[in-house]
Amino acid sequence: MSQMQSWKDPSRFVKHIHVEESCMDLDYTREIIGRAGLPVTVIDDRADPEAIEGIYPDNLLEGKHHLLLCKNRGHFFKPCPGTREYRCCEYQVLNIGMNCPMDCVYCILQAYLNKPWLTFFVNSDDLLGELRTAFAAEPQRKFRIGTGEFTDSMGLDRLTGLSRRLVSFMADEEQGILELKTKSAVIDNLEGLAHKGRTVLAWSLNATSVMQKEEIRTATLEERLAAARQCAEWGYKLAFHFDPIIDHPGWEQGYEETITKLFKTVPAEQIVWISLGALRYLPALKEIGVSRFPGTRMYYQEFIEGLDKKKRYFRPRRVRLYRYIYLLLKAGASPATCIYFCMESDEIWKEVMGYVPEDKGGIPAMLDRTVF
């Protein structure tokens, strides 16, 4: 399960494109097909690609070779599905597609989705129209928007080129900040854009051993940080997410090495926020993860069921992990960088950081102050 090669651009894993018939007339569809240079099969609207055998989730690996270009017939834009039991940052999700060419052992999508292929929505005019409508409906509101909830923001960007459309659109929208979050190092489409500081480029980071063993077909730490440094040179704000933090042998040294490399490589003053979140998962994910990745050990530890019904490390263990990593980050980060917890309780905030979010106006206000 170790990482035998770099997957700086995981879209290279895609071998076949399937297209809904009604999408074939879209300029955007033809643009993607031309750029990809891959075999194409046209299917009926709302139909499933037929080339993928087996039963989900056993066919997930095969499914990730296939990309379906189709229309999103639901909403593109909706609040992050956080739970009320823990502190949420009130993020807004922009759904650009489903599933990811990478294959992280802990990925919640394995238990959340039921289709093995990659999906990308090509009715991007509808997507942008929905954003315009949302902004107009609440002209005083500030929106922090991310595309990385149901897929990786940049994992397919070499094929789709969506980042250029989104960054250019958001440049003139003073109500919103766009965050593009990735485990890839795909950034070529971001060069030369007049982003006006309204897009944040974000990377998920972890201890190197976790990245090698549990984050399959992802960019190496060095590739992610080099990409971040390049984006900083292009004037983009940056963010980093240590989530999930995983308890493993040598975790102290592993996270310290990653954080040391982070601040040696990337200008701290351009990092607007850093999030922390310990491993948590739906109970159904353990069976899937152990079946698909029999070499993993992450599920064979002591967990407790949280208020959100997800399995979590016991609170004292979470505090120990958080406190160690938080102090390392605090020592290297700019005073202006917001370091925050994703989906944690006030008790954890108080015990690790010495305050609760409400002391500073709440997590949304803390994050908004860094970018608006």
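Key figures for this structure:
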item	result
Contact order normalised by residue count of the range 259-322, Cα under 8 Å, 6+ apart, percent	33
FRET efficiency estimate (nearest 0.05) - Cβ-Cβ, S6 to E252, R0 35 angstrom	0.85
The chain: antiparallel DSSP beta bridges as a percent of all, rounded to 5	25
Long-range HN-HN contacts of V19 with modeled amide H, under 5 Å	T41, V42, I43, L69
Label-point gap, in nm, between I304 and D188 - each point 7 angstrom along Cα→Cβ	5.0
Rg(Cα)/(2.2 N^0.38 Å) for the range 323-371, N = residue count	1.10
Cβ crowding within 10 Å averaged over residues, with 334-340, 248-254, 180-186, 98-104 ranked highest first	180-186, 98-104, 334-340, 248-254
Theoretical gain in end-to-end length, E53 to K261 [0.36 nm per residue, Cα-Cα removed]	70.6 nm
Contact order relative to length of the chain, as percent, for alpha carbon pairs under 8 angstrom and 6 or more apart	17
Theoretical FRET efficiency, 1/(1+(r/R0)^6), r = Cβ-Cβ of R30 and R323, R0 35 Å, to 0.05	0.10
Gain on full stretching of the segment that runs from E138 to D346 - 0.36 nm per residue minus C-alpha separation	71.9 nm
K310 long-range amide H proximity, modeled H, under 5 Å	none
Net charge, T265 excluded, C-beta distance under 10 Å - Lys, Arg +1, Asp, Glu -1	+3
The range 145-200: GluC sites (Glu not before Pro) in DSSP coil with no more than 13 other Cβ atoms inside 10 Å	E174, E191
Under 13 Å from the Cα of K309 - aspartates and glutamates, other chains or at least 8 residues apart	E85
Cut-off 13 Å between beta-carbons: net charge of the residues surrounding A36, Lys and Arg +1, Asp and Glu -1	+2
Candidate values [x] 53; [y] 47; [z] 69, label of the one derived for percent of Cα pairs over 27 Å apart	[y]
Highest-first arrangement of 270-276, 160-166, where packing means the average Cβ count within 10 Å	270-276, 160-166
Under 18 Å from K15, Cα to Cα: lysines that are on another chain or at least 8 residues apart	K64, K115
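Taken together, the values in this text are just the output of simple stated rules run on the coordinates, not laboratory data. All figures in this text were calculated on a predicted structure; none of them were measured in a lab. Methodologically, a virtual Cβ is constructed for each residue, glycine included, from the backbone with ideal geometry; neighbour enumeration extends over all protein chains shown.
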